[in-house]
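The block underneath contains the structure these notes are about, expressed in structure tokens.
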Amino acid sequence: MSNEFVNYYDELELSQHASPEMVKQAYRTLSKRFHPDHNQEEGAEAKYLAVQQAYEVLSDPPTRSRYDQQLNQYRDLSNLTDALNQQEGT
């Protein structure tokens, strides 16, 4: 299991400020594009499942709010880590 934080907005090719309607539209478009019944390319099924998971989180307002808080904390921590690494010269 990866420790990397998954950005569900990236999975749906959206910004964090996307409206609920934009989330729904992106989900519909991407789920059709990567659905295993229509796309046999390598990685399509994994992308389809990632799109499903992203939509599940971002389509529910309370869950999305909690996720946004976690995403912002992750970004803050990532920025801090990058700054510390630059100070150390790594």
Would you check if there is a residue in the stretch 12-34 being in contact with a Ser or Thr (Cβ under 8 Å, 6 or more places away or on another chain), at negative phi and among the charged types (D, E, K, R)? yes
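Return a yes/no flag: does the stretch 13-30 have any residue that is of a type in the set (Val, Ile, Thr) and modelled with pLDDT of 95 or more.
First, pick out the residues of the stretch 13-30 that are of a type in the set (Val, Ile, Thr): 23, 29.
If we keep only those that are modelled with pLDDT of 95 or more as well, we get 23, 29.
The answer is yes; a qualifying residue exists.
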Taking the stated definitions as given, is LYS32 touching a His at 6+ places or on another chain (Cβ under 8 Å) and among the basic types (Lys, Arg)? yes
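The values are calculated or read from the model by the stated rules, or taken from the named source; none is laboratory data. Just so it is clear, the model here is predicted, and its values are computed rather than measured. Note that each Cβ is placed from the backbone with ideal geometry, even for glycine, and that neighbours are counted across all protein chains shown.
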